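Engineer: Mind having a look at this structure? Questions to follow.
The values are calculated or read from the model by the stated rules, or taken from the named source; none is laboratory data. None of these values were measured; they are calculated from a predicted model. Quick reminder, even Gly has a Cβ in these numbers, built from the backbone with ideal geometry, and neighbours come from all protein chains shown.
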Amino acid sequence: MAEIKMLVGLGNPGLKYAKTRHNLGFEVIDCLARQFGVDVKQRKFGARFAAVDRDCEKLILLKPWQYMNHSGQAVATATGFYKLPVSNVMVIFDDMALDPGRIRIRPKGSAGGHNGLADIIAKLGTNQITRCRVGIGRAKPQWHAVDHVLGRPDSDERSLLNEAIERASQAVLSWLDLGIDKTMTEFNM
């Protein structure tokens, strides 16, 4: 039987949030879906879902379809359904602690103030979750963090974020093929 791995992109559902900084996890999943020739549209686990057969493994592409802060239940339900070890799950999300365009891969750690990841950690009962953080930079002094993450970037920043989406997609594929250590060495800058 093929090994199953799950790639989870975090975001908020609906057109109101499309192309906002907070939806970069969804955008990375959509980028991967295009590469695999699938659409992440099937409804399952309280998420949008697609399955991909790739070499000797099956990939689950998952976009929890609740608001960001409630992403954990969909992830826990899918993880339980497939009886996945947490080591076979990668979560992809935006991060204000990284400059726009930078990515960082980590095998575990705290939620770092990211409520979507915090909910996943709470629902899975562990922080040993591989993650791909995509930088969106800090909010401008006159903005609240919520305004920043839910805002749409200008064209210069969007260009950096599009490059980061591509780079994050490559990092995810590296993690699938080469493992966490080689991926961190190559993609963490």
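Engineer: If we keep just the residues of region 113-137 that are among the aliphatic types (A, V, I, L, M) and touching an Asp or Glu at 6+ places or on another chain (Cβ under 6 Å), which is modelled with the highest pLDDT? Break it down stepwise before answering.
Structural biologist: Of all residues in region 113-137, those among the aliphatic types (A, V, I, L, M) come to 117-118, 120-122, 124, 129, 134, 136.
After this cut, where a residue has to be touching an Asp or Glu at 6+ places or on another chain (Cβ under 6 Å) as well, the list is 134, 136.
On the way: V134: 96, I136: 93.
Checking each candidate, the answer is V134.
Engineer: Restrict the check to region 102-122 and report whether at least one residue is touching a His at 6+ places or on another chain (Cβ under 6 Å), within 23 Å of N162 (Cα to Cα) and surrounded by 23 or more Cβ atoms within 10 Å (Cβ to Cβ).
Structural biologist: There is no residue in region 102-122 that is touching a His at 6+ places or on another chain (Cβ under 6 Å), within 23 Å of N162 (Cα to Cα) and surrounded by 23 or more Cβ atoms within 10 Å (Cβ to Cβ).
Engineer: Another question, if that's okay. Working only within region 13-59, note down all residues that are touching a Ser or Thr at 6+ places or on another chain (Cβ under 8 Å) and in contact (Cβ under 8 Å) with a residue 60 or more places away in the chain.
Structural biologist: Listed by number, the residues that qualify are V28, C31, L32, Q35.
Engineer: Please list, ordered by first then second residue, the pairs with beta carbon atoms under 9 Å, 6 or more apart or interchain, first in region 83-95 and basic (K, R), second surrounded by fewer than 22 Cβ atoms within 10 Å (Cβ to Cβ) and not in a loop (DSSP other than H, G, I, E, B).
Structural biologist: Within 9 Å, the pairs are K83/I4.
Engineer: Consider L98 carefully, then state whether it is in a helix (DSSP H, G or I), touching a residue at least 24 places away in the same chain (Cβ under 8 Å) and either over 23 Å from E57 (Cα atoms) or of a type in the set (D, E) (or both).
Structural biologist: Details: in a helix (DSSP H, G or I): no; touching a residue at least 24 places away in the same chain (Cβ under 8 Å): yes; either over 23 Å from E57 (Cα atoms) or of a type in the set (D, E) (or both): yes.
Considered against the rule, which asks whether it is in a helix (DSSP H, G or I), touching a residue at least 24 places away in the same chain (Cβ under 8 Å) and either over 23 Å from E57 (Cα atoms) or of a type in the set (D, E) (or both), L98 comes out as no.
Engineer: Could I ask something else about it? Take G46 and tell me if it is of a type in the set (G, A, S) and either under 16 Å from I129 (Cα atoms) or surrounded by fewer than 17 Cβ atoms within 10 Å (Cβ to Cβ) (or both). Explain how you work it out, then say what you get.
Structural biologist: Values: of a type in the set (G, A, S): yes; either under 16 Å from I129 (Cα atoms) or surrounded by fewer than 17 Cβ atoms within 10 Å (Cβ to Cβ) (or both): no.
In short, no.
Engineer: Then there's this: Answer yes or no: is there a residue in region 136-153 that is of a type in the set (D, E, K, R) and assigned to a strand (DSSP E or B). Step through it out loud before you land on a result.
Structural biologist: Pass one, region 136-153, residues of a type in the set (D, E, K, R): 138, 140, 147, 152.
The next check asks that each one be assigned to a strand (DSSP E or B); those that pass are none.
Checking region 136-153: not a single residue is of a type in the set (D, E, K, R) and assigned to a strand (DSSP E or B).
Engineer: Also: Looking at region 141-158, is at least one residue within 28 Å of A78 (Cβ to Cβ) and at pLDDT 95 or above? Steps first, answer last, please.
Structural biologist: Start the filter on region 141-158 by keeping residues that are within 28 Å of A78 (Cβ to Cβ), which leaves 146, 149-150.
From what's left, at pLDDT 95 or above: none.
No: region 141-158 contains no residue that is within 28 Å of A78 (Cβ to Cβ) and at pLDDT 95 or above.
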